[in-house]
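*Asks:* Could you have a look at this structure, given as structure tokens, before my questions?
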Amino acid sequence: MRWLANLFSPPTPEKIAERELQDMRLTLFQAERRLLEAQMQVAYYRDMVAFLEDVAKKGVEDVVDKRRAAAPAASETSSSAQAPRVAPGLTTVPIVPSAA
């Protein structure tokens with residue numbers, strides 16, 4: 001339908017720019033979302049590698065004992081204000097809930 005309207009009055013550069021701006025904003029949002037998902041995956045796999053390295057070095061018993069001892073301390077620190085983890089060179093993108 002748009003092509004029919006374009007035959008009679010071709011879009012102005014401003015209209016083209018507005019449409020492209022909307023497309024670029026959507027593309028940027030999708031790229032930021034992929035970046036956040038990739039950061040979550042990196043954090044997960046780092047934790048898994050560290051855990052498995054500990055198990056390989058120290059054995060399951062020592063790792064479990066260490067984690068159980070750290071659990072009460074972690075609950076105390078989580079109640080106080082804790083600085084967010086930040087990867088160097090990356091900026092945090094605020095997430096806006098969708099209206100859907």
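The values are calculated or read from the model by the stated rules, or taken from the named source; none is laboratory data. Since this is a predicted model, take the numbers as computed values, not measurements. Neighbour counts run over all protein chains shown; Cβ positions are idealised from the backbone, glycine included.
*Asks:* Which residue pairs have Cβ atoms under 8 Å apart, sit 6 or more places apart or on different chains, and have a first residue in region 28-53 that is within 23 Å of VAL64 (Cα to Cα) and a second that is assigned to a helix (DSSP H, G or I)?
*Replies:* Close Cβ pairs satisfying both conditions: PHE51/VAL63.
Residues are listed down the side, and each one gets a yes or a no for (1) of a type in the set (Phe, Trp, Tyr); (2) out of contact with any Lys or Arg (no Cβ under 9 Å at 6 or more places or on another chain); (3) part of a helix (DSSP H, G or I); (4) at pLDDT below 95:
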| site | (1), (2), (3), (4) |
| --- | --- |
| ASN6 | no, yes, yes, yes |
| PRO10 | no, yes, no, yes |
| LEU35 | no, yes, yes, no |
| ASP47 | no, yes, yes, yes |
| ASP54 | no, no, yes, yes |
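So that you can scan it fast, the table gives a plain yes or no per residue for (1) loosely packed, with under 10 Cβ neighbours inside 10 Å; (2) within 30 Å of LEU26 (Cβ to Cβ); (3) at pLDDT 60 or above; (4) of a type in the set (Lys, Arg):
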| position | (1), (2), (3), (4) |
| --- | --- |
| VAL64 | no, no, yes, no |
| ARG68 | yes, no, yes, yes |
| PRO72 | yes, no, yes, no |
| GLY89 | yes, yes, yes, no |
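*Asks:* For region 31-62, give me each residue that is under 14 Å from the mean Cα position of the chain (by Cα) and surrounded by 12 or more Cβ atoms within 10 Å (Cβ to Cβ).
*Replies:* If the condition is that a residue be under 14 Å from the mean Cα position of the chain (by Cα) and surrounded by 12 or more Cβ atoms within 10 Å (Cβ to Cβ), then GLU32, ARG33, LEU35, LEU36, GLN39, ALA43 are the ones that fit.
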